[in-house]
Amino acid sequence: MVYSAKKCIFACKKCIKNCFCKQNTTISLMTKKILFLILLTATLFVGCKSDDDDEITPVTEIPKGPNIQAMIVFAPGQLGDNSYADCVMKGIHGLEELSKSTFADSLNVDFIAESNFELTKASLKAWAANTRNPIYGNEYKRRILIFTESYMMEWLTDIKDQLQENDEVLALKVNEAELIAVERLGMTNRIHGLNISAADAARKYCTFINSKMEENRWKLDELGDVMQVWMFQLYPDYQMAYRDSVYEVFSEELLSTGDIDLFFSPISSLETEGKMSAVNPEESAMQASFDAAESMVTYSMLGFGFCYVDLGAANLGYDYFLLNQGRDDFYTLMLDGKPNLLGRFVVQRYFDKAIVEWVRQWLLQSKGSMPTMTTHGQWDGYCTNTVPEV
């Protein structure tokens, strides 16, 4: 029978007590020494495991970091716009939760948000050249690079030699024609596009405009002029701001009447990093949008007006002017805007949901299996608007 060490000590102590008792005077000194050694030996066995506890504890392995990475690139000054970029950032948080709940921390999510384009490009090059997890040091098996603006695809020319065979690219707010243009880079099936169309909201807004024009036909006839519908965009090239067919919808629905003209007002230029006015380099985009709203009100012949606004953080400049003037007679449709006291109409595109769903599908598929172009819209719940029914 096998005893535990505690039982052995108890038996030896009892024996020694009896041996050193005054009645046992015939016990020799040698016997006492032997019994003492037995007690000492038993004590040394304290903490030893029995046969029932003889399992060997395995050596803990060094933890390995996530082997898949998603890197999101923001334009300088883009975050904090309370609009499109912040919605994308919300999607980044969604990717982190996706990794924790579904992919057992296999996905590492990072982003680049520098103060100017020079630093942004430098950070992008450094990322492309380093394929290891910066914390754990393990090699990434797959990487997805996400561009928040379509013009960033031009930067692929500078990093294509550093990109690995399993690296892929996802560009937001693009159309399929732009993706075909970058096929020359030799990244077949590895460059993808993701967009959310606001065309349905624009069409609904055009119906609203036409109804208002009919209600005020007499004013238009008295003026003998056409009504201008203003389109404020962040960059001079309207195609950069309206890649989701908004411009085409406005042209089809409004210009055909002969009573309405589209007036484009560039607020800031790409060359000045989206922070300065394209007209006056000393002027901020916020101030430029404020001044643009003032011009719109000044030149409005009917006493009310229509405007489509896609300015990101500079949306506030437009709102500030109308609030200061107490004007509530300008029916504005603001892309990626938020409802406010002006009661303007807003189009909300849920890029956060779209990014999480796209990356989830990408994680489940092999390299190059994702479609070249993915487009969402009002039809599948990724775009909503507050334009009233007419």
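The values are calculated or read from the model by the stated rules, or taken from the named source; none is laboratory data. All values reported here derive from a predicted model rather than from experimental measurement. Cβ sites come from the backbone with ideal geometry, for glycine too, and all protein chains shown count toward neighbours.
Structural remarks
- Counting the residues of the stretch 80-91 that are surrounded by fewer than 19 Cβ atoms within 10 Å (Cβ to Cβ) and more than 20 Å from Tyr318 (Cβ to Cβ) gives 1.
- Members of the stretch 106-139 that are exposed (fewer than 15 other Cβ atoms within 10 Å of the Cβ), in a strand (DSSP E or B) and in contact (Cβ under 8 Å) with a residue 12 or more places away in the chain: Asp110, Glu139
- Within the stretch 301-322, if we keep just the residues that are outside any helix (DSSP H, G or I) and surrounded by fewer than 18 Cβ atoms within 10 Å (Cβ to Cβ), the residue that is modelled with the highest pLDDT turns out to be Phe304.
- Each residue in the stretch 372-390 was checked for being in a loop (DSSP other than H, G, I, E, B) and more than 19 Å from Met334 (Cα to Cα), and 1 pass.
- Candidates Lys204, Lys212, Lys219, filtered to the one that is among the basic types (Lys, Arg), closer than 25 Å to Glu294 by Cβ and modelled with pLDDT of 80 or more: Lys212
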